[in-house]
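The values are calculated or read from the model by the stated rules, or taken from the named source; none is laboratory data. Here the structure is a predicted model, which is why all the values come from computation and not from measurement. Neighbour counts run over all protein chains shown; Cβ positions are idealised from the backbone, glycine included. Accessible surface areas use protein heavy atoms only, side chains included; no ligands, DNA or RNA. Shrake-Rupley method; radii C 1.70, N 1.55, O 1.52, S 1.80 Å.
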Amino acid sequence: MSKKNKNKTYSFFSFLENNFDKAAQFLSIEKGILEQIKACNSVYSIHFPVKIGKKIKVIEAYRVQHSHHKLPCKGGIRYSIKVTQDEIMTLAALMTYKCAIVDVPFGGAKGGIKMDPQTISVENIEKITRRYTSELIKKNFIGPGIDVPAPDYGTGEREMSWIFDTFLSIRPGEVDALACVTGKPVSQGGVRGRKEATGLGVFYGIRELCRIKEDMLSIGLDVGLIGKKVIIQGLGNVGYHAATFFHEAGAIIIALAEREGAIYNKKGLNVSNVILHLKNTGSILNFPGAKNIENTEKALELECDILIPAALENVIHKNNVNRIKAKIIGEAANGPITPEADEILEKMGVIVVPDIYLNAGGVTVSYFEWLKNLSHVRYGRMEKRFSENMNAELLQVIETICKKKILTEEKKIILRGAREIDLVRSGLEDTMISGFHKIRELKKSIGIKNMRTAAFVFAINKIIDSYERLGIFP
Ligand code: GLU
């Protein structure tokens, strides 16, 4: 445990240090290298003025590059009134480990602007986003080979478009400019499948866990997702998509929690109808057939098989952890469990699937988008038709040899060449499945129960390898 934790002066970054130190016990490596991996390499704290109406407002913002062991750095930009340097440093560090786990060759970074976008007009959000981007450009904190932002809490495709447009205006003619930011709309160089990638990655990760008989037996559950009771906290981009995929796979979404409260129906909630209700009424509460839970935090404590916190950090802590009844917790959000709560959950026998693995689907598909932008061609464009023609010829040969006609419906399935969305999804699925097994095998080989510690050991090992091979510049 770090000194800070002993003295009970917790910060979010010290939570992460705590997890790091736990994992470091399993590594015999020079302390200096570990210290270097732990530290944030560059922290850029910015204050800039923006004219809002007739008044000038000073905006507080950050971009933190946690690790330069691989470049570019990569990580989202969040807009939230709760943004602090400590939070952005921690999230940047999480990105480093996340990228290492899912084999994305980037260092971790994160940005944040301290504001509540829900209380600011679109024009002003655009103004602030563009000014922030120009501040990053001035200090060389953004660029296809330097640092590549993406969406995060409170930001989305719209903001990424503005960032790209600002970058290109200041750097006209830069042929790879599209790769300066990911999570863009498809019409602006984005990749199909990015929007739902984090939620889908969460789904793939939990589905893989639920496929393993040994693990399911250990918590008294059956194999598979069908009929499993799921609670999702947070219906933003990540939570919404995760909920949709679980629902489609036959799991029962018994509760959904949002800021204003939660809704519960033990028979299951239809996610798309809840979203429709949210759009029509401005709240998930009073959804037909569901019970309202006014204190939204109480939703985390309901009886369920799988709990997915998909909103902000530190929602499961020492004061509520003993009331958690879930058997599996999937960390779709970054850092939703404090270290104290994590230790208690381990003792309670709950399987915690950690953020640094489980929510890495977003950055994985961001990596695909970045590659697409650098190659300047849509995935599948060169080979889709070719494989369809080859498949057609193959089918013809099979029909001739077997003297049998293949049904038109079957033909359609076999003939289909891969589209961009097919390739992105299969790349994501493969990444999440192989990431899960790498962590699980390591966990078994070092004889620990905690998946987070195993994930950290895996990630740190990989970064150590980079440092050792690169050497240290004098
Ligand atoms: N903000 C997302 C995350 O925390 C995505 C980062 C990215 O795509 O670069 O993982």
| message | How would the range 163-243 be classified by its alpha-carbon gyration tensor: rounded, prolate or oblate, with rounded meaning a/c under 1.5 and the a/b versus b/c comparison settling the rest? | response | prolate
| said: For the pairs K38/K195; K74/K195; K325/K444, flag any whose C-alpha to C-alpha distance is greater than 19 Å. | reply: K38/K195; K325/K444
| Helix-only CD estimate at 222 nm, as mean residue ellipticity for the chain, using -39500 (n - 2.57) per DSSP H run (n ≥ 4) | -14500 deg cm²/dmol
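Note down, for the range 1-128, the three equivalent ellipsoid semi-axes (square root of 5 times each alpha carbon gyration tensor eigenvalue), biggest first, whole angstrom.
32, 17, 11
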| lysines with Cα under 21 Å of K384, excluding same-chain neighbours fewer than 8 positions away | K372, K411, K412
| message | Please list, ordered by chain and number, the residues whose modelled amide H lies under 5 Å from the amide H of G108; skip anything fewer than 5 residues away on the same chain. | response | H66, S67, K74, T96
| remark: In whole µm²/s, the translational diffusion coefficient that Stokes-Einstein assigns to the range 28-89, given a Kirkwood hydrodynamic radius over C-alpha pairs, 20 °C and 1.002 mPa s, equals 153 µm²/s
| message | With θ taken as phi - 60° and the coefficients 6.51, -1.76 and 1.60, list the Karplus ³J(HN,Hα) couplings across the range 12-17 in order, rounded to whole Hz; mark glycine and proline as x. | response | 4, 5, 5, 4, 5, 4
| Over the range 250-354, how many percent of alpha carbon pairs lie in each 5 Å bin up to the one with the longest distance? | 2, 13, 23, 24, 17, 12, 6, 2, 0
| Cα centroid distance between the range 220-278 and the range 293-362, in Å? | 15 Å
| task | Take every DSSP beta bridge whose two residues both sit in the chain, then give the antiparallel share in percent to the nearest 5. | result | 50 percent
| query | ³J(HN,Hα) across the range 229-243 via Karplus (A = 6.51, B = -1.76, C = 1.60, θ = phi - 60°), whole Hz, x for Gly/Pro? | reply | 8, 10, 10, 10, 9, x, 10, x, 4, 6, x, 4, 5, 4, 4
| query | If we sort 43-54, 400-411 on the protection proxy, mean other Cβ atoms within 10 Å, highest first, what's the order? | reply | 43-54, 400-411
| Tell me, what ³J(HN,Hα) does each residue in the range 290-299 have, in order and in whole Hz, if you take phi through Karplus 6.51 cos²θ - 1.76 cosθ + 1.60 with θ = phi - 60° and put x for Gly and Pro? | 10, 8, 7, 10, 5, 7, 4, 4, 5, 4
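Order 442-452, 321-331, 301-311 from most to least packed using the mean count of other Cβ atoms within 10 Å.
Per-residue mean Cβ counts within 10 Å order the peptides as 301-311, 321-331, 442-452.
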| field | Cross-link reach list, lysines versus K55, counting only Cα pairs under 21 Å and skipping chain neighbours closer than eight places | value | K114, K127
| query | Per the 1.4 Å probe, what fraction of the accessible area of the range 391-474, in percent, lies on carbon and sulfur atoms? | reply | 60 percent
| task | Only Cα pairs under 8 Å and at least 6 apart count here; give the relative contact order of the range 120-171 as a rounded whole percent. | result | 41 percent
| task | List the trypsin sites (Lys or Arg not before Pro) within the range 252-291 that fall in a DSSP loop (any state other than H, G, I, E or B) and whose Cβ has at most 16 other Cβ atoms within 10 Å. | result | R259, K266, K267
| remark: The answer for the range 343-426, accessible area per residue at 1.4 Å probe in Å², is 61 Å²
| field | Cα gyration tensor, the range 225-273 - rounded (a/c under 1.5), prolate or oblate | value | oblate
| How large, in Å, is the chain by the Kirkwood hydrodynamic radius built from its alpha-carbon pairs? | 23.5 Å
| query | Using alpha carbon coordinates only, what is the Rg to Rh ratio of the range 203-298, with Rh defined as the Kirkwood radius? | reply | 1.01
| remark: So, over other residues within a Cβ distance under 11 Å of A249, counting Lys, Arg +1 and Asp, Glu -1, the net charge is +1
| query | Relative contact order, percent, of the chain when contacts are C-alpha pairs under 8 Å separated by at least 6 residues? | reply | 15 percent
| field | Taking the convex hull of Cα positions in the range 52-206, its mean projected area over all directions (nm²) | value | 9.7 nm²
| said: At a threshold of 8 angstrom on Cα-Cα distance, excluding pairs fewer than six apart, so keeping six or more, what relative contact order does the range 238-294 reach in percent? | reply: 33 percent
| request: For the range 152-300, with all protein chains present and a 1.4 Å probe, just round the carbon and sulfur fraction of the accessible area to a whole percent. | output: 52 percent
| In whole angstrom, how far apart do the alpha carbon centroids of the range 157-191 and the range 109-148 sit? | 13 Å
